[in-house]
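K.L.:
Following this message is one structure expressed as structure tokens.
The values are calculated or read from the model by the stated rules, or taken from the named source; none is laboratory data. From a predicted model like this one, the values you see are computed outputs, not experimental measurements. Ideal geometry is used to build each Cβ from the backbone, glycine not excepted, and the neighbour counts take in all protein chains shown. Calculation scope for accessible area: heavy atoms of the full protein, side chains included, ligands and nucleic acids excluded. Shrake-Rupley method; radii C 1.70, N 1.55, O 1.52, S 1.80 Å.
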Amino acid sequence: MKKSVSTMLMVILLTILAACGNNGGNGANEGAASSAEAANTATESETTAAPEATSEEAVRLTIGSWRTEDKAAYDKIAAQFHEQNPTITVEFAPTKNTEYNTVLNTQLMTGEGPDIIHLRPYVAGKQVADSNFLVPLDGTPGLEQIPSELLIAATGSDGKVYGAPILKNASLILYNKQLFDKLGLTEPKTWDELIQTAEALKSNKIVPFAFGSKEGWILSLTHGAIGPVAYGGNDFVKQITTGQTNFTSQAFTDSVQLLKDLEPYYPDNYEGIGMDDMRNLFVTEQAGMMIMGDWEIAVMRKMNPDLQIDAFPVPTKDGQASVSTWVDGSFAINVNSKHQEAAKKFIAFALTESFGTTLSNELVRQSTIPSVQSGDELIKKIASFSNDAAIATPYMFNVYFAAGNPSSKTAFETSVQGYLLGKLKVEDVGAEVQKSVDTWFKPLSQ
Amino acid sequence: MSHNAVNESVKGSGSRWQQVVIHLFPLPALVIYSVVIVYSMVAAFGYSFFSWKGLTRDAFVGLDNFVTLFTQEPYNETFWNALGHNAYYFALEMVVQNGIAFMLAYVLYTKVKGAEWFKSAIFLPRLLSVIVIGFLWKLILNPNTGVLNTFLKTIGLDSWAMSWLGDPDTALTSIIMVNNWFGVGFSLLIWLAGLQAIPAEIVEAARLEGVKGLKFIRMIVAPLIVPSFVIITVFSFIHAFEAFELVYAMQGSQGEPYMSTDTLATYFYRNAFGGTSGGDSVSIGLGSALAVIMFAIISVVSTVFMNVTRKYEVEL
């Protein structure tokens, strides 16, 4: 009797396992099949979605995003959109920053996910597009006003645009205006003046640069901002992306060297300092300058409303100015969304000047739409740099060299960390990056 | 009716049907277990034999992902580097955490005053979330504002104050030490349970023979707490070879600084989910292969170890 009961249990267990296995197998097959045919289904769903939109039924769109902190702003925008399109309600449903990719990828692989996807820029977004999870947006009204160098952020390997870039970033030098005024310092116009400014701050017991090398992304961000001082910005980027030069070149090595040149002006024990500490140093006015992205302005103002933040472009040795720019994120349409038409309406709305203005003012960030004027003086000043072709240069590692596994950007961050810690020589950094780049990179045609 | 069924089966005289009904109760738990654990394991196993185009499964490639992990630069370097860190994690956890836990357990076993209070106090950190522990210790270990360095400087040990988490020579050790502080209470409880299970008459007999101190530990305690030793070793091994949460909470998943805190689990996480930076691409095939390797290491070593140590257990 005991035996028969255990036999029965075994049978039940096996059935469950078999059922699971079956389901799993089918699910995976379906996933693969549906994505393989996604290009077809995309066009199909466009035609099937058309009658749904004309029937004027209430539609609810969801936006997936990693920007939990921007919910209030997007809720406001959703209300504006609803006013113009009474049949469509939009819900901004973000996931925690560090978990967004995991959650989104899992949803997409099982044929689910939000209608509108807040797409990470460049490689991560391209991977989603290349997996056929997105609807091509070419021809969407408003897309034509976005500069082509920004559209790269959401372009698939097939050359089609899969996302509407919404916000862009710029990295440059933020400074504490009150401190500068008190010490009689002005915005430096050359690299030498920058060093003198740093010296002046240091002799007044102020940390010149709020910087730390504990987190790798700070290193590539900082290099992205100051690197052009050594390699010269756009021309070098063009040469390296077309294969005329590479990362073992003297120009690149010199750009890495700049990070070490500034070492006397970093805080004590900077190898143990991460983003939180950097921010604290700047916000509590212990540091005078910070090489950073403009998105931090809103965050730091909130932490210390009395702080007077200003910004200047990185000054080069011959008195030119340089800021590095890149796209922060784009809006894309999930190929499995049941509300394709409504989603397209929202994307078109996200490319209007009124949307750009509201978002830019609410979030204190730069819109990707060139005609948008920010209401914030500092953002307006930064936008004037990043819209100036003579000053702006793409954040090279993020825009062109974030692919590969591990990415060449990560390889760069790791080796710069090794260099600053004294484990690698300056030439080794370029060699390591080139080794990584060689595994995947094919030069673009000139 | 159901009341009767329970009563009868308790008496052991239930009908066959009632026996079956009773055995169906674990079913919901079993279903959840199968879906969440068994299915995921089987799926990861299957995924590891495919190449992946971004997020979609591509062609069947057999053992290619495994071959890549073991033979191709930089994957092989990263793998051995991470595996070495797991082994170091295990060694340090065994010596420091379990060593200290044994000493504490032995002191409590010999009935010091307030043993119960000490037991609770030492176990207390275990009640906090690992994320909270990681955050608190990050503040304590901060090179410029942290309590540890401030303390060291105050007592004149300026040269000892360093960037604990920023220096590749100290970062991993610092994390493991925090882990040991966190885990010592748990090991203590297992040791203590083992010690208290030693039959009183044996202890009494040893006392009468005049066996004391280290000799008592070596001759009486050591052979009789082998089961506790096996449990603690297996737990520590599993824990060290899947070390992730604390490393993630204190350093993120990039193995920073300079790959000095990379473990198999963070390496897996970067491949399967793209790492903490959010902008990286994923490689699900390699990630799944790593998960399978981790599973193999943990299950094979644990099983072999338990079988080998069974010989040394003393039958009472």
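K.L.:
Quick one: in segment A:209-264, which of the residues that are among the hydroxyl-bearing types (Ser, Thr, Tyr) and outside any loop (DSSP other than H, G, I, E, B) is nearest to A:Thr284 (Cα to Cα)?
P.N.:
A:Thr222
A quick yes/no check of all residues on (1) open to solvent by less than 50 Å² (accessible area, probe 1.4 Å); (2) aromatic (Phe, Trp, Tyr); (3) under 30 Å from A:Glu57 (Cα atoms); (4) touching a residue at least 60 places away in the same chain (Cβ under 8 Å):
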{"residue": "A:Glu341", "(1), (2), (3), (4)": "no, no, yes, yes"}
{"residue": "A:Ala350", "(1), (2), (3), (4)": "yes, no, yes, yes"}
{"residue": "A:Phe355", "(1), (2), (3), (4)": "yes, yes, yes, yes"}
{"residue": "A:Gln366", "(1), (2), (3), (4)": "yes, no, no, yes"}
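K.L.:
Being open to solvent by 10 Å² or more (accessible area, probe 1.4 Å) and either within 16 Å of A:Val256 (Cβ to Cβ) or among the charged types (D, E, K, R) (or both) is true for just one of A:Gly232, A:Gly224. Which residue is that?
P.N.:
On the way: A:Gly224 fails: open to solvent by 10 Å² or more (accessible area, probe 1.4 Å).
Residue meeting the stated conditions: A:Gly232.
K.L.:
Still on this model: Kindly indicate whether any position in segment B:273-288 is more than 11 Å from every other protein chain (Cβ to nearest Cβ), closer than 30 Å to B:Ser51 by Cβ and surrounded by 24 or more Cβ atoms within 10 Å (Cβ to Cβ).
P.N.:
No, the conditions are met nowhere in segment B:273-288.
K.L.:
So which residues in segment B:212-234 are outside any helix (DSSP H, G or I) and open to solvent by 30 Å² or more (accessible area, probe 1.4 Å)?
P.N.:
B:Lys212
K.L.:
What about A:Asp268, is it open to solvent by 20 Å² or more (accessible area, probe 1.4 Å), in a loop (DSSP other than H, G, I, E, B) and either modelled with pLDDT under 95 or out of contact with any strand residue (DSSP E or B) (no Cβ under 6 Å at 6 or more places or on another chain) (or both)? Even if it seems obvious, please write down each step before you answer.
P.N.:
Values: open to solvent by 20 Å² or more (accessible area, probe 1.4 Å): yes; in a loop (DSSP other than H, G, I, E, B): yes; either modelled with pLDDT under 95 or out of contact with any strand residue (DSSP E or B) (no Cβ under 6 Å at 6 or more places or on another chain) (or both): yes.
Taking the combined requirement at face value, the residue satisfies it.
K.L.:
Within the group A:Pro165, A:Pro114, A:Pro121, which residue is open to solvent by less than 40 Å² (accessible area, probe 1.4 Å) and more than 17 Å from the chain's Cα centre (by Cα)?
P.N.:
A:Pro114
K.L.:
Can you spot a residue in segment A:288-301 that is of a type in the set (Phe, Trp, Tyr) and surrounded by fewer than 19 Cβ atoms within 10 Å (Cβ to Cβ)? Break it down into steps so the answer makes sense when it comes.
P.N.:
Step one: list which residues in segment A:288-301 are of a type in the set (Phe, Trp, Tyr), which gives A:295.
With the extra rule that they be surrounded by fewer than 19 Cβ atoms within 10 Å (Cβ to Cβ), the set shrinks to A:295.
Scanning segment A:288-301, I find at least one residue that is of a type in the set (Phe, Trp, Tyr) and surrounded by fewer than 19 Cβ atoms within 10 Å (Cβ to Cβ), so the answer is yes.
K.L.:
Name the single residue that is nearest to A:Lys317 (Cα to Cα) among those in segment A:169-191 being among the hydrophobic types (A, V, I, L, M, F, W, C) and assigned to a helix (DSSP H, G or I).
P.N.:
A:Trp191
K.L.:
Find all pairs meeting these conditions: Cβ atoms under 7 angstrom apart; at least six residues apart or on different chains; first residue within segment B:288-316 and within 18 Å of B:Thr68 (Cα to Cα); second residue modelled with pLDDT of 90 or more and in a loop (DSSP other than H, G, I, E, B).
P.N.:
Between residues of segment B:288-316 that are within 18 Å of B:Thr68 (Cα to Cα) and residues that are modelled with pLDDT of 90 or more and in a loop (DSSP other than H, G, I, E, B), the close pairs are B:Ser288/B:Ser48; B:Ala289/B:Ser48; B:Val292/B:Ser48; B:Met294/B:Glu242.
K.L.:
Tell me, please, whether a residue that is surrounded by fewer than 22 Cβ atoms within 10 Å (Cβ to Cβ) and under 28 Å from A:Tyr74 (Cα atoms) can be found in segment A:313-327.
P.N.:
no
K.L.:
May I pose another question? Return the residue satisfying two criteria in turn: it lies in segment A:192-205 and is surrounded by fewer than 20 Cβ atoms within 10 Å (Cβ to Cβ) and not polar (S, T, N, Q), and of such residues it is farthest from A:Val314 (Cα to Cα).
P.N.:
Out of the qualifying residues, it is A:Lys205.
K.L.:
Just give me the residues in segment A:432-441 being more than 9 Å from every other protein chain (Cβ to nearest Cβ), open to solvent by less than 50 Å² (accessible area, probe 1.4 Å) and part of a helix (DSSP H, G or I), in sequence order.
P.N.:
Those that are more than 9 Å from every other protein chain (Cβ to nearest Cβ), open to solvent by less than 50 Å² (accessible area, probe 1.4 Å) and part of a helix (DSSP H, G or I): A:Val433, A:Gln434, A:Val437.
K.L.:
Evaluate segment A:422-429: report whether one residue or more is among the aliphatic types (A, V, I, L, M), open to solvent by 30 Å² or more (accessible area, probe 1.4 Å) and either farther than 19 Å from A:Gln239 by Cβ or in a helix (DSSP H, G or I) (or both).
P.N.:
Looking for residues that are among the aliphatic types (A, V, I, L, M), open to solvent by 30 Å² or more (accessible area, probe 1.4 Å) and either farther than 19 Å from A:Gln239 by Cβ or in a helix (DSSP H, G or I) (or both), one finds at least one in segment A:422-429, hence yes.
K.L.:
Return yes when A:Ile273 is of a type in the set (Val, Ile, Thr), crowded, with 18+ Cβ neighbours inside 10 Å, touching a Pro at 6+ places or on another chain (Cβ under 9 Å) and more than 30 Å from A:Thr155 (Cα to Cα) and no when it is not.
P.N.:
Working: of a type in the set (Val, Ile, Thr): yes; crowded, with 18+ Cβ neighbours inside 10 Å: yes; touching a Pro at 6+ places or on another chain (Cβ under 9 Å): yes; more than 30 Å from A:Thr155 (Cα to Cα): yes.
Yes; evaluated as a whole, the condition is true for this residue.
K.L.:
Only one of A:Gln107, A:Gln127 is part of a helix (DSSP H, G or I) and either surrounded by 23 or more Cβ atoms within 10 Å (Cβ to Cβ) or touching a Cys at 6+ places or on another chain (Cβ under 7 Å) (or both). Can you tell me which?
P.N.:
It is A:Gln127.
K.L.:
Sticking with this structure for a sec: Could you say whether any residue in segment A:381-388 is hydroxyl-bearing (Ser, Thr, Tyr), more than 23 Å from A:Asp70 (Cα to Cα) and open to solvent by 50 Å² or more (accessible area, probe 1.4 Å)?
P.N.:
yes
K.L.:
Here is a further query. A:Thr284: of a type in the set (Ser, Thr, Tyr) and either away from chain B (no Cβ under 14 Å) or open to solvent by less than 20 Å² (accessible area, probe 1.4 Å) (or both), yes or no?
P.N.:
Answer is no for this residue.
K.L.:
I'm trying to understand the selection: among the residues of segment B:64-100, which are more than 22 Å from B:Thr266 (Cα to Cα) and surrounded by fewer than 16 Cβ atoms within 10 Å (Cβ to Cβ)?
P.N.:
Matches in segment B:64-100: B:Val95, B:Gly99.
K.L.:
Sticking with this structure for a sec: Pull out all pairs, ordered by first then second residue, where Cβ-Cβ is under 6 Å, the residues are six or more apart or on different chains, the first lies in segment A:382-409 and is facing chain B (nearest Cβ under 10 Å), and the second is among the aliphatic types (A, V, I, L, M).
P.N.:
Taking only residues 6 or more apart or on different chains, the pairs are A:Ala402/A:Val123; A:Ala403/A:Val123; A:Lys409/A:Ala402.
K.L.:
Considering only segment A:197-216, I want to know if a residue exists there that is aromatic (Phe, Trp, Tyr) and closer than 28 Å to B:Trp164 by Cα.
P.N.:
Filtering segment A:197-216 down to residues aromatic (Phe, Trp, Tyr) leaves A:209, A:211.
From what is left, the residues that are closer than 28 Å to B:Trp164 by Cα are A:209, A:211.
Yes - at least one qualifying residue is present in segment A:197-216.
K.L.:
Would you say B:Glu77 is under 30 Å from A:Ser415 (Cα atoms), more than 9 Å from chain A (Cβ to nearest Cβ) and not aliphatic (A, V, I, L, M)?
P.N.:
In short, yes.
K.L.:
Give all pairs with beta carbons closer than 6 Å in which a residue from segment A:176-194 that is under 21 Å from A:Ala321 (Cβ atoms) and among the hydroxyl-bearing types (Ser, Thr, Tyr) meets a residue that is modelled with pLDDT of 95 or more and buried (at least 17 other Cβ atoms within 10 Å of the Cβ); count only pairs at least 6 apart in sequence or on separate chains.
P.N.:
Hits for this filter: A:Thr190/A:Pro315.
K.L.:
State all residues of segment B:246-268 that are within 13 Å of chain A (Cβ to nearest Cβ) and outside any loop (DSSP other than H, G, I, E, B); if no residue qualifies, say none.
P.N.:
Filtering segment B:246-268 for residues within 13 Å of chain A (Cβ to nearest Cβ) gives B:248-262, B:266-268.
Within segment B:246-268, B:Tyr248, B:Ala249, B:Met250, B:Gln251, B:Thr266, B:Tyr267, B:Phe268 meet the criteria.
Yes or no, residue by residue, for (1) away from chain A (no Cβ under 14 Å); (2) over 19 Å from the mean Cα position of the chain (by Cα):
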{"residue": "B:Lys111", "(1), (2)": "yes, yes"}
{"residue": "B:Arg126", "(1), (2)": "yes, no"}
{"residue": "B:Gly134", "(1), (2)": "no, no"}
{"residue": "B:Thr145", "(1), (2)": "no, yes"}
{"residue": "B:Ile155", "(1), (2)": "yes, yes"}
{"residue": "B:Ser159", "(1), (2)": "no, yes"}
{"residue": "B:Ser163", "(1), (2)": "no, yes"}
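K.L.:
Of all residues being within 12 Å of chain A (Cβ to nearest Cβ) and in a helix (DSSP H, G or I) in segment B:165-180, which is surrounded by the most Cβ atoms within 10 Å (Cβ to Cβ)? Just the residue, please.
P.N.:
B:Ala171
K.L.:
How many residues are facing chain A (nearest Cβ under 8 Å) and in contact with a Leu (Cβ under 9 Å, 6 or more places away or on another chain) when one looks only at segment B:28-55?
P.N.:
6
K.L.:
Considering segment B:19-67 alone, what residues qualify as being assigned to a helix (DSSP H, G or I) and among the hydroxyl-bearing types (Ser, Thr, Tyr)?
P.N.:
Matches in segment B:19-67: B:Tyr33, B:Ser34, B:Tyr39, B:Ser40, B:Tyr47.
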